[in-house]
1. Which residues, counting only those in the range B:37-51, are at the interface with chain A (Cβ under 8 Å from one of its Cβ atoms) and either farther than 17 Å from B:Asn91 by Cα or surrounded by fewer than 20 Cβ atoms within 10 Å (Cβ to Cβ) (or both)?
2. Might you check whether a residue that is open to solvent by 50 Å² or more (accessible area, probe 1.4 Å), at the interface with another protein chain (Cβ under 10 Å from one of its Cβ atoms) and under 20 Å from A:Gln37 (Cβ atoms) occurs anywhere in the range B:20-36?
3. Search the range A:1-29 for residues that are in contact (Cβ under 8 Å) with a residue 24 or more places away in the chain and within 13 Å of A:Gln82 (Cα to Cα) and pair each with any residue that is of a type in the set (Val, Ile, Thr) and not in a strand (DSSP E or B) when their beta-carbon atoms are under 6 Å apart and the residues are at least 6 apart or on different chains.
4. Which is assigned to a strand (DSSP E or B) and without any contact (Cβ under 8 Å) to a residue 40 or more places away in the chain, of B:Leu97, B:Leu73, B:Leu92, B:Leu87?
5. Given the criterion hydrophobic (A, V, I, L, M, F, W, C), touching a Ser or Thr at 6+ places or on another chain (Cβ under 8 Å) and at pLDDT below 95, identify the matching residue among A:Phe101, A:Phe88, A:Phe74, A:Phe12.
6. Just to be sure I understand, how many residues within the range B:67-96 are farther than 20 Å from A:Gly40 by Cα, open to solvent by less than 10 Å² (accessible area, probe 1.4 Å) and within 11 Å of chain A (Cβ to nearest Cβ)?
7. Based on this model, can you work out whether B:Ser78 counts as outside any strand (DSSP E or B) and in contact with a strand residue (DSSP E or B) (Cβ under 7 Å, 6 or more places away or on another chain)?
8. Please pick out the residue among B:Ala29, B:Ala62, B:Ala67 that is in contact (Cβ under 8 Å) with a residue 60 or more places away in the chain, out of contact with any Cys (no Cβ under 6 Å at 6 or more places or on another chain) and either more than 27 Å from A:Cys23 (Cβ to Cβ) or in a strand (DSSP E or B) (or both).
Amino acid sequence: DGGITQSPKYLFRKEGQNVTLSCEQNLNHDAMYWYRQDPGQGLRLIYYSQIVNDFQKGDIAEGYSVSREKKESFPLTVTSAQKNPTAFYLCASSSWGEAFFGQGTRLTVV
Amino acid sequence: RKEVEQDPGPFNVPEGATVAFNCTYSNSASQSFFWYRQDCRKEPKLLMSVYSSGNEDGRFTAQLNRASQYISLLIRDSKLSDSATYLCVVNLNDYKLSFGAGTTVTVRA
């Protein structure tokens, strides 16, 4: 079945550590996105990528980094520079505007 | 001004009622429009696309008003299972999706 897979579902990080969230899709979509959602809030765009080896900052890119070495994969690294990383992270891919989401990763800083 | 704005609600309605809410967008060049549904602690899922002529899917009706730059969603004969947050999504081009913050709907028995 085609889809988009995020892992892990839950992630705990110590302060000062970098962590990488995985996002893989087999939908053959060019565009991929990372969003952050805080409790009771909407989705905020972190980074997006239109094509392999290219990506653009979204509205809240500070403290995050991404890579797009393969069409299928768009990992997100939450660096120690991100001061408030505890949130729900959603990866999506899109074709003709319709977005398909992974199940999300809940990151908690302990 | 935000690219996409929604009334956050919450809209609390009894079963069987009709509820409607809007979403405004700032960029007149926006090309396509969608409504997504998000349940608590889950990922958003596509509810329906919004076409210029308006479209209906069962109890759900979506409308687009380009002149006033808003889209709307109407839910008829509300069910308990319709309780969720509804996200408006506007696509400027194939690669830039803008999400509204969501409208919360709670249907009570």
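The values are calculated or read from the model by the stated rules, or taken from the named source; none is laboratory data. The model shown is predicted, which means the values in this text are computed figures rather than measured ones. Cβ: placed from backbone, ideal geometry, glycine included. Neighbour counts: every protein chain shown. We work out accessible area using only protein heavy atoms, side chains counted, and drop any ligands, DNA or RNA first. Shrake-Rupley method; radii C 1.70, N 1.55, O 1.52, S 1.80 Å.
1. B:Arg41, B:Lys42, B:Glu43, B:Lys45, B:Leu46, B:Ser49
2. No: the range B:20-36 contains no residue that is open to solvent by 50 Å² or more (accessible area, probe 1.4 Å), at the interface with another protein chain (Cβ under 10 Å from one of its Cβ atoms) and under 20 Å from A:Gln37 (Cβ atoms).
3. Between residues of the range A:1-29 that are in contact (Cβ under 8 Å) with a residue 24 or more places away in the chain and within 13 Å of A:Gln82 (Cα to Cα) and residues that are of a type in the set (Val, Ile, Thr) and not in a strand (DSSP E or B), the close pairs are A:Asn18/A:Thr79.
4. B:Leu97
5. A:Phe12
6. Looking only at that region, the number is 2.
7. It is true that B:Ser78 is outside any strand (DSSP E or B) and in contact with a strand residue (DSSP E or B) (Cβ under 7 Å, 6 or more places away or on another chain).
8. It is B:Ala29.
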